[in-house]
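Here is the structure we will look at.
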Amino acid sequence: MKHHLQSLSCTLVLLAGLFNALPLQADKVTLDSSSWGSAEGQACVDCHSKSSAGLTHQWKNSAHALANVNCLDCHQAYQEDVDAIEHEGSIIATIVSPKDCGRCHETEYQQQKGSVHSKALTIIQNRMPALSEHFGSPSINDAGCAKCHGSTVKVRGDGTLDPASWPNSGIGRINPDGSLGSCSSCHGRHQFSKAQAREPAACTYCHSGPDSPDKEVYESSKHGMMYESHKARLNMDSDQWVAGKDYSATVTCVSCHMGAAGNMKSTHDVGMRDAWNLNAAVSTQQYLIIFEDGDKRELSTTEPLPRRGESISKMDGSMGKVKAVASPQRRRDAMSKTCLECHSKGFTNNAMAQFDNVVELFNEKYAKPAQAIMQELYSAGLLTPLPFDEPIEMTYWNLWHSSGTLARHGAAMGSPSMTWKGMSEVGSSFYGKFISQIREAAGQDKGDALIKQHISGSKHHDWLNHPNKANPILGFGQGKVDND
Ligand code: HEC
Ligand code: HEC
Ligand code: HEC
Ligand code: HEC
Ligand code: HEC
Ligand code: HEC
Ligand code: HEC
Ligand code: HEC
């Protein structure tokens, strides 16, 4: 099988400094310490030591308390903020948005701002409204989808927060100040510790289940196995956390997707090192487009490559000028840079090749024929345009979404058990349900024609054309497999 990534290499420009070789810890805090820790803030601590002692205790054990950053430094608001409230003589807001944290942590804020994470709510609204509308309802949305993807935080007339929209710390939350996301989705409050955020649990809170089965995958990978045994040796409390230097026993999610390695800095943009989109009906490799205002989007390599300076649409539909483009190979190289701190080049390239082969197999054998057949059924009027009202739509959805995602994530992150589980589910829905549902929807003749054209005529499914071939796996004792 060929590897597209190889052929795409080195053809594209890249903004210097994106996957860069700058010092590891440039300008950690943007403000100087005279701008925080006011006496007015001390009053909050004094009173809240009694009225919510636990919360204040968490803060007292934090890097913020140590650096004298107090309650008011984060919760301060301006009279004109929609969520500003007058509280014990100060103007405060309960919400502390990424923009508020960004006053002092400019670098993390800028990286988080353009990331896929910050768009996690927009993506539901844009891409798949049918799913939340038909499967969900407002209450499922509030307690389910929105907890991970984020809510649109609504402020009532008196400045208090609408209970339908808050508490919420979803990753793409839309805040009253217009900023996106919530820094406390990974950094539990009020400790805001980086050691805690380096743990797999900081991610698996959301990255588990059908949308993103990474908990299941990581725990059944060799890295997960080593994590169970060696977590005490991972040096999570270290100020810097560079793979191969500060730790070597294994990797967590953060090491591969955000962490520092060699001269590559850590980043708060989690999607930068991903070459594919593993959650699509058919996976394609993705350019990363960086706009002049720092915003970003992915663009499939099946689309024409925009030039520097050209205007193209952003994720939110507005237009943006292209500043730089990172090719899938470039993104893969950034990911591999981490591996190379602990593994050899040959090992790393082969592991990546095994992963790419699974994605290509999934695409060619199942995803493309299934997609082509669905398209023909829709255009021939054999299915209603309404999603999820016919059994075959359900089968198709589970095939690429739940099962196909599990297989692809499993192969990406080294879980043999989830790769196989996902692929065997894909196979059983495809051969066990999808094929017969094509005939149900299209009728016998048209159904047979579609199956012949897209499935049994392809080398991947040639085994279907040999119905008399003996197969010992069913245990009927026919003996050896006939290999001719
Ligand atoms: C004299 C005591 C007192 C002082 C001073 C005080 N608070 Fe409070 N604060 C409270 C109490 C009591 C509550 C709980 C009120 C309630 O249950 O709604 C509260 C609630 C809050 C809330 C939650 C509001 C919500 O939406 O649920 C925040 C945030 C907060 N305080 C921050 C601060 C900050 C920041 C300061 C300093 C500027 C401060 N407090 C000063 C007593 C105090
Ligand atoms: C580093 C910034 C930061 C500091 C310092 C800080 N907070 Fe908060 N606080 C937050 C964030 C973030 C939230 C979550 C609100 C949201 O959803 O955006 C929050 C939420 C709250 C809440 C409502 C949530 C709850 O669990 O009840 C209260 C009350 C509160 N803070 C009080 C305080 C008090 C009192 C102090 C000082 C002892 C303090 N905060 C210090 C960032 C901070
Ligand atoms: C447990 C947390 C969680 C819940 C609950 C959840 N999601 Fe997700 N969802 C995720 C994660 C994580 C991803 C990212 C998957 C990836 O890119 O690998 C995602 C991805 C998606 C995507 C994008 C898939 C794609 O094409 O890449 C959509 C659309 C989506 N979710 C919709 C929903 C809807 C609608 C609901 C509620 C009915 C929901 N999700 C509930 C965590 C969750
Ligand atoms: C996806 C999870 C996640 C989110 C969301 C997140 N962080 Fe982090 N943050 C981390 C991890 C993991 C680390 C430790 C990185 C490392 O090991 O280098 C970290 C480290 C930090 C540090 C310490 C940097 C240093 O070099 O000492 C700061 C400051 C920080 N984050 C601020 C923020 C702010 C501000 C936001 C919101 C704009 C935010 N984080 C959102 C996961 C997250
Ligand atoms: C008023 C300035 C200020 C604000 C606002 C602020 N921080 Fe900090 N933050 C600091 C300082 C100072 C430190 C300690 C110095 C350092 O680690 O570089 C720090 C440290 C951190 C760390 C590293 C903790 C560790 O384990 O070493 C994280 C993570 C962090 N902040 C996250 C946040 C988040 C999230 C918010 C918003 C909810 C926020 N900060 C708001 C000033 C601020
Ligand atoms: C509060 C929920 C939440 C937490 C916590 C969270 N994520 Fe995510 N993550 C999401 C959602 C939702 C998406 C899908 C966003 C989208 O497609 O726009 C996503 C997307 C991603 C992607 C990008 C997938 C792509 O399409 O390129 C990666 C990688 C990722 N997360 C890694 C992490 C890591 C690593 C952590 C922990 C340090 C983490 N996430 C913590 C919810 C979360
Ligand atoms: C050994 C490094 C490694 C570890 C550990 C790891 N990942 Fe991954 N992850 C990858 C690679 C490689 C990919 C595929 C990237 C690509 O698309 O080329 C990937 C893909 C993903 C994706 C899908 C992105 C997409 O392109 O659609 C998500 C989401 C994700 N990982 C989250 C996590 C979470 C959460 C954890 C921890 C539970 C984790 N990863 C642990 C290396 C790792
Ligand atoms: C901090 C060190 C470290 C980094 C970085 C790292 N790994 Fe590993 N990896 C390990 C350890 C330790 C093992 C378990 C070794 C063993 O097989 O006994 C392992 C095992 C593996 C295995 C299973 C090997 C086998 O023989 O079954 C694969 C595949 C793998 N890693 C791929 C990767 C990839 C791909 C990356 C980068 C995306 C990566 N690793 C990054 C430490 C690391």
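The values are calculated or read from the model by the stated rules, or taken from the named source; none is laboratory data. All of these numbers come straight from a predicted model, not from anything done at the bench. Cβ coordinates were reconstructed from backbone atoms using ideal geometry, including for glycine residues, and neighbour counts include every protein chain displayed.
Residues in the stretch 204-222: is at least one near ligand 4 (Cβ under 8 Å from one of its atoms) and buried (at least 19 other Cβ atoms within 10 Å of the Cβ)?
There is no residue in the stretch 204-222 that is near ligand 4 (Cβ under 8 Å from one of its atoms) and buried (at least 19 other Cβ atoms within 10 Å of the Cβ).
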Looking only at the stretch 297-338, and only at residues there that are among the polar types (S, T, N, Q) and in a loop (DSSP other than H, G, I, E, B), the one that is farthest from Gln286 (Cα to Cα): Ser318
Output for the stretch 339-381, where each listed residue is among the small types (Gly, Ala, Ser) and not in a helix (DSSP H, G or I): Ser344, Ala380, Gly381
Positions within the stretch 108-142 being modelled with pLDDT of 75 or more and part of a loop (DSSP other than H, G, I, E, B), in sequence order: Gly114, Ser115, Val116
Single residue of the stretch 364-401 satisfying the filter (surrounded by 19 or more Cβ atoms within 10 Å (Cβ to Cβ) and in contact (Cβ under 8 Å) with a residue 60 or more places away in the chain) that is nearest to His461 (Cα to Cα): Lys365
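Can you find a residue in the stretch 321-334 that is more than 16 Å from ligand 8 (Cβ to nearest atom), surrounded by fewer than 17 Cβ atoms within 10 Å (Cβ to Cβ) and more than 20 Å from Ser212 (Cα to Cα)? First the steps, then the outcome.
Looking only at the stretch 321-334, we keep the residues that are more than 16 Å from ligand 8 (Cβ to nearest atom), and these are 321-327.
Narrowing the set further to residues that are surrounded by fewer than 17 Cβ atoms within 10 Å (Cβ to Cβ) leaves 321.
Of the ones still in play, those that are also more than 20 Å from Ser212 (Cα to Cα) are 321.
Taking every residue of the stretch 321-334 in turn, at least one turns out to be more than 16 Å from ligand 8 (Cβ to nearest atom), surrounded by fewer than 17 Cβ atoms within 10 Å (Cβ to Cβ) and more than 20 Å from Ser212 (Cα to Cα).
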Within the stretch 336-352, considering residues that are without any contact (Cβ under 8 Å) to a residue 40 or more places away in the chain and among the small types (Gly, Ala, Ser), the one nearest to ligand 3 (Cβ to nearest atom): Ser336
Residue check for Ala351: in contact with a Leu (Cβ under 6 Å, 6 or more places away or on another chain), more than 16 Å from ligand 4 (Cβ to nearest atom) and of a type in the set (Gly, Ala, Ser): no
The stretch 143-158 - residue that is assigned to a loop (DSSP other than H, G, I, E, B) and within 22 Å of Ser118 (Cβ to Cβ) and, of those, farthest from ligand 2 (Cβ to nearest atom): Gly144
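Residue by residue, here is whether (1) within 30 Å of Ala232 (Cβ to Cβ); (2) within 13 Å of ligand 5 (Cβ to nearest atom); (3) exposed (fewer than 14 other Cβ atoms within 10 Å of the Cβ) holds:
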site: Glu133; (1), (2), (3): no, no, yes
site: Val153; (1), (2), (3): no, no, no
site: Gly159; (1), (2), (3): no, no, no
site: His187; (1), (2), (3): yes, yes, no
Failed condition for Gly294, given (1) among the small types (Gly, Ala, Ser); (2) assigned to a loop (DSSP other than H, G, I, E, B); (3) in the same structural domain as Phe434 (by TED's automatic domain parsing): (3)
Subset of the stretch 69-91 [within 13 Å of Asp158 (Cα to Cα) and surrounded by 20 or more Cβ atoms within 10 Å (Cβ to Cβ)]: Asp83
Pair list, Cβ under 6 Å, 6 or more apart: the stretch 200-213 residue of a type in the set (A, V, I, L, M, F, W, C), other residue within 9 Å of ligand 3 (Cβ to nearest atom): Cys206/Cys148
Gly271 vs. criteria within 14 Å of the chain's Cα centre (by Cα) and either crowded, with 22+ Cβ neighbours inside 10 Å or within 9 Å of ligand 6 (Cβ to nearest atom) (or both): yes
Given (1) crowded, with 19+ Cβ neighbours inside 10 Å; (2) out of contact with any Phe, Trp or Tyr (no Cβ under 6 Å at 6 or more places or on another chain), index of the condition Ala412 fails: (2)
Meets criteria (over 30 Å from Met226 (Cα atoms) and among the acidic types (Asp, Glu)) for Glu360: no
Helices (runs of 4 or more DSSP H) lying entirely in the stretch 159-276 (those with 3 or more residues that are away from ligand 1 (no atom under 16 Å from the Cβ) and over 18 Å from Thr107 (Cα atoms)): 201-204, 214-219, 222-230, 253-257
Condition check for Ser313: free of Cβ contacts under 8 Å to residues at least 24 places away in the same chain, more than 16 Å from ligand 5 (Cβ to nearest atom), surrounded by fewer than 21 Cβ atoms within 10 Å (Cβ to Cβ) and within 20 Å of the chain's Cα centre (by Cα): no
Selection from the stretch 27-55 of residues that are without any contact (Cβ under 8 Å) to a residue 12 or more places away in the chain, of a type in the set (Ser, Thr, Tyr) and more than 26 Å from Gln240 (Cβ to Cβ): Ser34, Ser49, Ser51, Ser52
Flag if Val82 is more than 16 Å from ligand 8 (Cβ to nearest atom) and at pLDDT below 95: yes
